[in-house]
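See below for the structure under consideration.
The values are calculated or read from the model by the stated rules, or taken from the named source; none is laboratory data. Since we're looking at a predicted model, the values are computed, not measured. All Cβ positions, glycine included, derive from the backbone under ideal geometry; neighbour counts span all protein chains shown.
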Amino acid sequence: MTMTPLPKPRMTFWQIWNMSFGFMGIQLGFALQNSNASGILRNYGAEIEQLSWFWLAAPIVGMIVQPIVGHYSDRTWNRLGRRKPYFLAGALFSSCALILMPNAWILGSLAPLMFIGAGFLMIMDASFNLAMEPFRALVADNLPEEQRTLGFSVQTSLIGVGAVVGSWLPWALARFGVSDTAPDGEVAPNVQFAFYIGAVLFILTILWTVMRTHEFSPEDYERYHGKSEDRRSGLLTIFRDFSRMPRTMRQLGLVQFFSWFALFGMWVFTTDTIATHIFGLPVTDRSSPAYREAQSWTGIIFGVYNLVSAIYALFLAKIAARIGRKKTHAFSLILGGIGLLSFYFAPNKEFLILSMVLVGIAWASILAMPYVILSSSIPAGKMGIYMGIFNFFITIPQILNGLIGGPMVRHIYNNEPVYALVLSGIFFISAAISVIFVYDPADLRGKASGTVPRTI
């Protein structure tokens, strides 16, 4: 006889905070990567049309690593817990990768620098994915459904804080006297030290979550989630689970496709858009003081969108409770689309702060609302694997943009990368339209898991 799962105990606000604190360190690392990787690769000799190809390393690695990590974390039980062993291993590898990335020039005698840099970018992203994937599943594991919007919102807010720190670290270090110049083929000291600081903070925040978060024992997990219908551990079950993915996940896939195609274009081409469209530099310039200013300003405005994300995420639960989860996500994506489209009309670099305020609203929603909606439709015992499979809908659009983005800038946009950001804005708006047609199980049940918990 199958027992009906018991209601999961509610968590306090600070328990939710501790559970998500490690994600702040992960996003700090991602922010350092997103703000600086293109500039570093350009310093190492990459041409603008090659950038999106080198960035392919990130989504390809994520597409491979996340489902495997999710699959095995669903089946891992040891002294550390179920998800926490993966946090810790990912933190150690990520910190090493953060130290290696800005120092690839030391190995320049072994191979062209841009290829060594791209290799370290791949290692760094694989490590980030190892640490990141189980965090999504941990929130869904531990929280009752009525607290999940709050849980993912707190996680998104901490993501924003980490990303602000990561985005602004090189700029802040330069203001405190650390040099922001370097010979051709090397990385400026302020960027190097930012990566070192990021490596330390990455480990410390993960350790906080590992030490301060309780995971259910196997017996308690079954008591609250029900008995898993499949305990086989072979990797072939990933493909079987993929073929059986819930209807909501398939529909959210289109929303994610548009969203992450847009984000990839923004991350890859913002620095060169500022350099060419705002500063008027030739596309061949990749080492002048003005280009380094464009790289630094990218970090500043990326910090802005992440700061806005951290704040807006705290209001997502209330907004979702008022207008519904799908409308909340659609509204946020439309504002983000307007923000990216406004790059084309920006009269100066300061205007881009406003553009990124709107992008920050979309970013907060992208990091929270699809996972809240998805978690309501995933069967017991499959949270890790389906969160990993869901990553396909994040990585595939990035891979596609990586393959065609650079050639489009060169041959269709006539070396004007601003049009890559215009396309990203259009895709954000397309994602907003797509989410309206997603089946949300909470709508049918008449439940709004965006409801703010009575006790936090």
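Observations
- Whether a residue is surrounded by 24 or more Cβ atoms within 10 Å (Cβ to Cβ), under 20 Å from the mean Cα position of the chain (by Cα), part of a helix (DSSP H, G or I) and of a type in the set (Val, Ile, Thr) was assessed, and residue 385 passes this test.
- Scanning region 308-331 for residues that are closer than 20 Å to residue 375 by Cα and either surrounded by 24 or more Cβ atoms within 10 Å (Cβ to Cβ) or touching a Pro at 6+ places or on another chain (Cβ under 7 Å) (or both) turns up 313, 316, 317, 320, 325, 328, 329.
- Checking 320, 362, 368, 380 one by one, the residue that is under 22 Å from residue 132 (Cα atoms), touching a Gly at 6+ places or on another chain (Cβ under 6 Å) and either of a type in the set (Phe, Trp, Tyr) or at pLDDT 85 or above (or both) is 362 and no other.
- Taking region 1-105 as the region of interest, none of the helices (runs of 4 or more DSSP H) fully inside it holds 1 or more residues being in contact with a His (Cβ under 9 Å, 6 or more places away or on another chain), at positive phi and buried (at least 22 other Cβ atoms within 10 Å of the Cβ).
- Annotation: of all residues in region 284-296 being hydroxyl-bearing (Ser, Thr, Tyr) and over 22 Å from residue 341 (Cα atoms), the one that is surrounded by the most Cβ atoms within 10 Å (Cβ to Cβ) is 291.
- Checking 335, 341 one by one, the residue that is under 20 Å from the mean Cα position of the chain (by Cα) and either within 21 Å of residue 264 (Cβ to Cβ) or in a helix (DSSP H, G or I) (or both) is 335 and no other.
- For region 265-283, filtered to residues that are free of Cβ contacts under 8 Å to residues at least 60 places away in the same chain and in contact with a helix residue (DSSP H, G or I) (Cβ under 6 Å, 6 or more places away or on another chain), the residue that is surrounded by the fewest Cβ atoms within 10 Å (Cβ to Cβ) is 281.
- Screening 250, 223, 212 for residues that are surrounded by fewer than 17 Cβ atoms within 10 Å (Cβ to Cβ), closer than 28 Å to residue 393 by Cα and at pLDDT below 90 leaves exactly one candidate, 250.
- For region 332-351, a tally of residues being over 11 Å from residue 425 (Cβ atoms) and either buried (at least 24 other Cβ atoms within 10 Å of the Cβ) or in contact with a Leu (Cβ under 8 Å, 6 or more places away or on another chain) (or both) returns 2.
- Residue identified as of a type outside the set (D, E, K, R), exposed (fewer than 15 other Cβ atoms within 10 Å of the Cβ) and at pLDDT 90 or above among 200, 255: 200
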